[in-house]
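Asks: Have a look at this one before I ask anything.
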Amino acid sequence: MPLIAILTGLIVVALKFLTITNQPAFILPVIGALLVLGGAVALIGGKVRMHAMHIAAMMGLAGLADGIYLLVATETPKSNSVLLAALSLIFLILCIKSFIDARRNRD
């Protein structure tokens, strides 16, 4: 799952630089960077892995909320908003599945 977080973060950062949006310049790169950071810290392992992946999941939720906001409330290109929301939703679903599996394996 940490590698998926890193890959998702890189794609989110690339969305900002490959598309034209009216959104402030720092929001997508910050979400992407925190996803990459969470995935990288989770790769280290140990007790911080769980916390790092929770941070990554929160960034997935932030990306989903941002994508929905951009889709509904702004005049940005709709494909960008849909892509961000879909990517974040898929990542969030994978995180939830991973958390459930980890809980089952722990008990």
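The values are calculated or read from the model by the stated rules, or taken from the named source; none is laboratory data. From a predicted model like this one, the values you see are computed outputs, not experimental measurements. Using ideal geometry, Cβ is built from the backbone for each residue, glycine included, and neighbour counts are taken over all protein chains shown.
Asks: Tell me whether the stretch 68-86 contains one or more residues that are of a type in the set (Val, Ile, Thr) and under 11 Å from the mean Cα position of the chain (by Cα).
Replies: No - not one qualifying residue is present in the stretch 68-86.
Asks: Could I ask something else about it? Does residue 98 satisfy the criteria of being more than 26 Å from residue 26 (Cβ to Cβ), small (Gly, Ala, Ser) and under 15 Å from the mean Cα position of the chain (by Cα)?
Replies: Spelling it out, residue 98 is indeed more than 26 Å from residue 26 (Cβ to Cβ), small (Gly, Ala, Ser) and under 15 Å from the mean Cα position of the chain (by Cα).
Asks: Scan the stretch 36-92 residue by residue and report those that are touching a Lys or Arg at 6+ places or on another chain (Cβ under 7 Å) and without any contact (Cβ under 8 Å) to a residue 24 or more places away in the chain.
Replies: Once the filter is applied, which keeps residues that are touching a Lys or Arg at 6+ places or on another chain (Cβ under 7 Å) and without any contact (Cβ under 8 Å) to a residue 24 or more places away in the chain, the stretch 36-92 yields only 71.
Asks: So, in the stretch 26-56, how many residues would count as being closer than 12 Å to residue 2 by Cβ and among the hydrophobic types (A, V, I, L, M, F, W, C)?
Replies: 14
Asks: Can you tell me which of (1) in contact with a Lys or Arg (Cβ under 6 Å, 6 or more places away or on another chain); (2) surrounded by fewer than 18 Cβ atoms within 10 Å (Cβ to Cβ) is the one residue 28 doesn't meet?
Replies: Result: residue 28 fails condition (2) only.
Asks: Could I ask something else about it? Can you find, within the stretch 1-26, the residue that is modelled with the highest pLDDT among those that are among the hydroxyl-bearing types (Ser, Thr, Tyr) and over 17 Å from the mean Cα position of the chain (by Cα)?
Replies: 19
Asks: Taking the stretch 66-98, which residues are at pLDDT 90 or above and exposed (fewer than 14 other Cβ atoms within 10 Å of the Cβ)?
Replies: 86, 93, 96, 97 - these are the residues of the stretch 66-98 that are at pLDDT 90 or above and exposed (fewer than 14 other Cβ atoms within 10 Å of the Cβ).
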